[in-house]
There are 2 protein chains.
Amino acid sequence: MTETATAGRALPHPEREEIRLEAVLHALSDPMRLQIVRELAAREAELTCSQFELPVTKSTTTHHFRVLRESGVVRQVYRGTAKMNGLRRDDLDSLFPGLLDSLLAAADRQSVRLGDGA
Amino acid sequence: MTETATAGRALPHPEREEIRLEAVLHALSDPMRLQIVRELAAREAELTCSQFELPVTKSTTTHHFRVLRESGVVRQVYRGTAKMNGLRRDDLDSLFPGLLDSLLAAADRQSVRLGDGA
DNA sequence: CGGCTCATACGATAATCCTCGTACTACGAG
DNA sequence: CTCGTAGTACGAGGATTATCGTATGAGCCG
């Protein structure tokens, strides 16, 4: 009862073998979601949904996190009322070695190039 | 007139600095387009649109090539009635070092893993 | 010129997607 | 139990997208 209690609801995640490259690329092709993933990678910790300051409503935020989860990019776990989000680095690195780092580096580069506030 | 004659029509391409990572990822998130890019990278040559055996009509093929061109992934040049397609490797490598290779490697890996006919 | 091929343009259709608002559930604190 | 907070579910509106069919243009060959 000690640990199962923290996972009140179960959230559907794709298994490692079910992760599709196209789905990952599609998930990251949205500026909002790319931003989420970048922040998640920057601080190497799990974050709650509400810790991201996104210029959209809560509904839309939920939607984006679901796309990220269903594509296999992030793992979501309930802890109390909060939902912790973590990058699935192990799975992605195992499936597509080097891809995640290249993508993050590319996003950083573009951010610098365009003078983004990041 | 000698060289401009070969380029009957001019096709709009984004400049190197205008290429956006999100657009590139979106372009590659479509299975059809990812396949095109993989073939283009495999044979390191320019290919005409009709040299790809895609399970869609010509109209749709044209559409996908336009998306790839407008996102900055491929460069298209007319040669006679044929339109030659080439990967913009220089531009992409310059903007996002290592990204293209990671993406192609990831696509190859997945193709092997899923037992695709490629 | 006349026909053939490669590719485009335009319109249409159906699906997907981003965004939002409102109503709702789950959990923890008092 | 009641309230507040975190997040979901559902539905809807509007934009983008993938696909197709048909008609059209641009260049080559006889």
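The values are calculated or read from the model by the stated rules, or taken from the named source; none is laboratory data. Please read these numbers as outputs of a predicted model, since none were measured by experiment. Note that we place each Cβ from the backbone using ideal geometry, even for glycine, and neighbour counts take in every protein chain shown. All accessible areas refer to the heavy atoms of the entire protein, side chains included, with ligands and DNA or RNA removed. Shrake-Rupley method; radii C 1.70, N 1.55, O 1.52, S 1.80 Å.
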- Message: Using the Cα centre of the protein assembly as shown as origin and beta-carbon charges of +1 (Lys, Arg) and -1 (Asp, Glu), tell me which of B:VAL56, B:LEU25, B:GLY98 is placed farthest towards the positive end of the dipole.
- Response: B:VAL56
- Message: Need one number: nm distance between label points at A:VAL112 and B:LYS58, each 7 Å from Cα along Cα→Cβ, rounded to one decimal.
- Response: 4.7 nm
- Rounded accessible area per residue of chain B, 1.4 Å, Å²: 55 Å²
- Note on the structure: Taking Cα atoms, the helix A:31-42 axis meets the longest principal axis of chain A at an angle in degrees (rounded to 10) of 80 degrees
- Query: Helix A:99-114 sits at what angle to the longest principal axis of chain A, using alpha carbons and giving 0 to 90 degrees rounded to 10?
  - Reply: 50 degrees
- Task: Starting from a label point 7 Å past Cα on the Cβ side, list the distances from A:GLU39 to the same position in the other copies, nm, shortest first.
- Result: 4.2
- Item | Residue with peak Gaussian network fluctuation, chain A [Cα springs, cutoff 10 Å], from A:GLN76, A:GLN35, A:GLN51 | A:GLN51
- Leaving out ligands, DNA and RNA, calculate the buried accessible area for the pair A and B with a 1.4 Å probe, summed over both sides, in Å² to the nearest 100. 2100 Å²
- Item | Longest to shortest principal axis, alpha-carbon extents of chain A, angstrom | 50, 32, 22
- Within a 10 angstrom radius of each residue's Cβ in A:97-104, how many Cβ atoms of other chains show up on average? Whole number is fine. 5
- Within a 10 angstrom radius of each residue's Cβ in A:28-37, how many Cβ atoms of other chains show up on average? Whole number is fine. 3
- For the protein assembly as shown, what does -39500 (n - 2.57) per DSSP helix run (n ≥ 4), summed and divided by total residues, give at 222 nm, in deg cm²/dmol to the nearest 500? -14500 deg cm²/dmol
- Average beta-carbon neighbours from other chains, 10 Å sphere, peptide B:108-114: 3
- Item | Pseudo-label separations to other copies for A:GLY117 - Cα-to-Cβ vector, 7 Å, nm | 5.2
